[in-house]
Amino acid sequence: MNRLKNGLILFILISFLSLVTVIPVACLFKTVTGISCSACGMTRAFLAILHFDLLEACYQNLLSIPFFLFLIFSIFMLLKDFVQNRFSYLPRLLQFLDHYGFILIILLVISFIFNNLKY
């Protein structure tokens, strides 16, 4: 059962990352309000990272490089759990976020401010 959970999560994560690089994505928040959200520019930033243009990635979204590294790490950890037939990474991640989620909120606010000041 653990392998099935990890496999499903990996499939969803990799499918999402693959689709985002192919299909253009418009920000619903920006479309409705006219202001950029914390994640605006993330798709362009990921494409810049894939082309090793880290300065452009930081310009597009300040959190793109840490988030990209987090996604790569998460894929690796989920693959490890899949091979070992465990389900330990996601519960540990949720426990970590439960204790330190405020840091994520602060980073999102900083990204929100940066995204709206750069234009």
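A few notes on this one:
- Cβ-Cβ under 7 Å pairs, at least 6 apart or on other chains, the range 1-30 side of a type in the set (Lys, Arg), far side at pLDDT 75 or above: ARG3/PHE82; ARG3/ASN85; LYS5/PHE87; LYS30/SER36; LYS30/CYS37; LYS30/CYS40
- Test: residue in the range 40-62 that is in contact with a Cys (Cβ under 6 Å, 6 or more places away or on another chain) and surrounded by 12 or more Cβ atoms within 10 Å (Cβ to Cβ): yes
- Scanning the range 73-100 for residues that are basic (Lys, Arg) and not in a loop (DSSP other than H, G, I, E, B), we see that the one that is farthest from the chain's Cα centre (by Cα) is LYS80.
- Condition broken by PRO66, with the remaining ones in (1) without any contact (Cβ under 8 Å) to a residue 60 or more places away in the chain; (2) open to solvent by 70 Å² or more (accessible area, probe 1.4 Å); (3) under 15 Å from CYS37 (Cα atoms) satisfied: (3)
- Once the range 42-64 is narrowed to residues that are assigned to a helix (DSSP H, G or I) and over 21 Å from ILE23 (Cα atoms), the residue that is nearest to the chain's Cα centre (by Cα) is CYS58.
- Subset of the range 106-119 [in contact (Cβ under 8 Å) with a residue 24 or more places away in the chain and assigned to a helix (DSSP H, G or I)]: LEU107, LEU108, VAL109, ILE110, SER111, PHE112, PHE114, ASN115, ASN116
- Near pairs, Cβ below 6 angstrom, 6+ apart or cross-chain, from the range 80-105 (at pLDDT 90 or above) to any residue that is open to solvent by less than 100 Å² (accessible area, probe 1.4 Å) and basic (Lys, Arg): none
- Filter pass, SER74 being of a type in the set (Gly, Ala, Ser) and closer than 18 Å to PHE46 by Cα: yes
The values are calculated or read from the model by the stated rules, or taken from the named source; none is laboratory data. The structure presented is a predicted model; accordingly, all values stated were derived computationally and were not measured. Note that we place each Cβ from the backbone using ideal geometry, even for glycine, and neighbour counts take in every protein chain shown. Surface areas here come from the heavy atoms of the whole protein model, side chains and all, with no ligands, DNA or RNA. Shrake-Rupley method; radii C 1.70, N 1.55, O 1.52, S 1.80 Å.
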